[in-house]
Structures are given as structure tokens and as C-alpha cells.
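The structure appears below as C-alpha cells.
The values are calculated or read from the model by the stated rules, or taken from the named source; none is laboratory data. Not measured: the values here are computed from a predicted model. Note that we place each Cβ from the backbone using ideal geometry, even for glycine, and neighbour counts take in every protein chain shown.
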Amino acid sequence: MKKSIVIFANSRSQLLKNCIESVLSAYGSDNWKKVLVLQVGYQEVEQEVKSKEEHFDLIVRIKKQQQTTLGNINQNRILGTSICFDLLNSDVVLGIEEDTSIAYDSLYFINEMCKLYGSDKSFRGVNLGSFEPNTDDNRYTYSLLRYGLHGQAGALVKKTWEKFSVAKLLENIENDGWDSRIESYLKTGFLVTPNASRLLDQGWDGTHQPKDPNSPYFANQRSSWVGTDPLPILKFKRKNIKHTWRKDARNFRRFETFVYSAKNNKYIYNYIKIIKKAFISK
């Protein structure tokens, strides 16, 4: 199985340093290709990248081409992910934002879940985040969730990526997050999610997250975070629990797949809405 990590770097050199160090020190890191997509224009970030470039298989420098921050983020995410899947021919790609660190056993977790569920037609990828407490029961267990991709640190598998057109994803990227465009399809299956977080987002000065480091979003993550220090590499067990990352994070139940598949098909979904409206109007 060919595995790649792509880090998306912008303007925050210290957070990027933390991110890269967490990747390099993660268990099994040497078995993953490493790509860094750097939006140029920040000298301190460039210096940090130069000090670490020997650890990367590829560094891609991109100038700002979009009118908005969101547009540039979308562009970099799509192009970086495409490079890993379509150029490096990866089977699984973990995308990480510069303000996010991953846990010591994150790569092992992704690897094990891909081996376990790779042949399941409903498997879409692996998320690394959780808001649930880092208890003995949660630390080495996981849930299968119908949910979108954790943009902070989440992995897609090749068969999922092949469902999308890069050209289509790049259309009108100023208006909404690229991950929201793929979410409907992701929800037709499941992403494996650890019950104790394997990511730590520290981007409270970023574009989309709360500005308060003590907000529930960041506080819940810290209480769930297992950390970057070495910990035992143990077998993970499935234990579906209710996740509170967002209200629509639902435990995967296979019999509901038809409903989500209908929602993902605009023709079927529109037809259902017409029928529903006709019954309501009677």
C-alpha cells in the first residue's frame, strides 16, 4: 500500500514547525511519502521549510492566485491531494493543515484501518479528530461515522478520490470549502474515527475556527488528545459511540445507505422532494 502525507503551509511558522515535527516523530513515519504545499510570501515560513526540506519527497511552492483566503486554501488542498493520488499514485493520502499536530500512533491507526476496511465498498477514509474524553475505554477504540472529512487532519483512500473530478472541484472555489463539496458522497459510506483524538488543532488565529483558545472546540479536543509522546502500539477495537464533533456525526448503519445515496444523487433527491411536496400539498 502506497501512503502519502501532504502538509499545507501558509503563514504560521511555529505551528508549521510543530506540525512537521509531529509527523516526523510519528510511529511508522518512514513508510510514508511526504509532500509539502507552500503558499509563498512569508519569510519565516520559508526559513522553516528550508530547515526541514530534506525530510520531504516533494515541496510545491504556489503563489496566491485566488481573490480570497478560502479560495487559496481550496486550491492548495485540491492540488496537493491530486499530486499525492495522481502523480505519486498513492492508495491513501493524509492531508494536514499547518496549525495541526498528529499523535504518535496516528499513522499506525490509519494504516491498520485501511488494512481492515480496505475491501469494504462503504469505506471512504479515516478521520483523526474527536471531542470525546481520552479515557481508558476510548484510547484504543474507534467508531464508524457517516461524516465529512476532518480538514485539519483526515485521510482519503484512492477509490474515494476517483469519484471526483479535479477540474470540477476547482470550479468556483472562492465560495465554499472544498471539503463541503465531497461531503455528500463521503456520507454514503463511513470514515473511521478514533474515540480519542489523534489530532490537535491549535489554529485559533485561523480563518474558520473560533478565536478563543478556550472555546469548546479547542477545549474538547485537548481533553481528547492522546499526545505526541510515544505510547504503546496496541490493536484498536471497534466501539461505536456517539460523537459530538458536529450534530450530523452519525454512527454508520448500513441499512441507511440508500437514504444517503439518494441525497448524493441530485436527480433522485430532487424527485423525492417533488413527491414529498405533492403529498404535503394534498
### Message
Any residue that is more than 30 Å from ASN18 (Cα to Cα) and of a type in the set (A, V, I, L, M, F, W, C) - is there at least one of those in region 167-187?
### Response
yes
### Task
Show the residue pairs that are 6+ apart or on different chains and have beta-carbon atoms under 6 Å apart, the first residue being within region 61-80 and among the polar types (S, T, N, Q), the second being assigned to a helix (DSSP H, G or I).
GLN66/ASN72; GLN66/GLN75; ASN74/TRP178
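Just need a number here: residues in region 209-233 that are in a loop (DSSP other than H, G, I, E, B) and either free of Cβ contacts under 8 Å to residues at least 24 places away in the same chain or of a type in the set (Ser, Thr, Tyr) (or both). Steps first, please.
Taking region 209-233 first, the residues in a loop (DSSP other than H, G, I, E, B) are 209-215, 225-233.
Next, from what is left, pick out any that are either free of Cβ contacts under 8 Å to residues at least 24 places away in the same chain or of a type in the set (Ser, Thr, Tyr) (or both): 209-215, 228, 232.
Of the residues in that region, 9 qualify.
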### Query
Consider ASN251 against the criteria (1) touching a residue at least 40 places away in the same chain (Cβ under 8 Å); (2) within 23 Å of ALA26 (Cβ to Cβ): it satisfies all of them except one. Which criterion is unmet?
(2)
## Note on the structure
If we ask which residues in region 18-31 are crowded, with 18+ Cβ neighbours inside 10 Å and closer than 15 Å to GLU53 by Cβ, their number turns out to be 3
### Query
Of all residues in region 154-191, how many are among the aliphatic types (A, V, I, L, M) and touching an Asp or Glu at 6+ places or on another chain (Cβ under 7 Å)?
1
### Pick from region 107-163, criterion crowded, with 20+ Cβ neighbours inside 10 Å, in a strand (DSSP E or B) and of a type in the set (Val, Ile, Thr), ranking: nearest to the chain's Cα centre (by Cα)
VAL126
## Note on the structure
Result of the Cβ filter at 9 Å on region 32-45, keeping first residues that are crowded, with 22+ Cβ neighbours inside 10 Å and modelled with pLDDT under 90 and partners that are in a loop (DSSP other than H, G, I, E, B) and of a type in the set (Lys, Arg), at least 6 apart or interchain, is none
### Message
When you scan region 173-196, do you find a residue that is buried (at least 18 other Cβ atoms within 10 Å of the Cβ), closer than 19 Å to VAL93 by Cβ and polar (S, T, N, Q), even just one?
### Response
yes
### Message
What are the pairs with Cβ atoms under 9 angstrom where one residue, in region 115-131, is under 30 Å from PRO216 (Cβ atoms) and the other, located anywhere, is in a loop (DSSP other than H, G, I, E, B) and among the basic types (Lys, Arg)? Sequence gap at least six, or different chains.
### Response
ARG124/LYS187; ASN127/ARG198; LEU128/ARG198; GLY129/ARG198; SER130/ARG198
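Does region 234-248 hold any residues that are touching a residue at least 12 places away in the same chain (Cβ under 8 Å) and either surrounded by fewer than 14 Cβ atoms within 10 Å (Cβ to Cβ) or within 17 Å of the chain's Cα centre (by Cα) (or both), and which are they?
Across region 234-248, the qualifying residues are LEU234, LYS235, LYS237, ARG238, LYS239, HIS243, THR244, TRP245, ARG246, ASP248.
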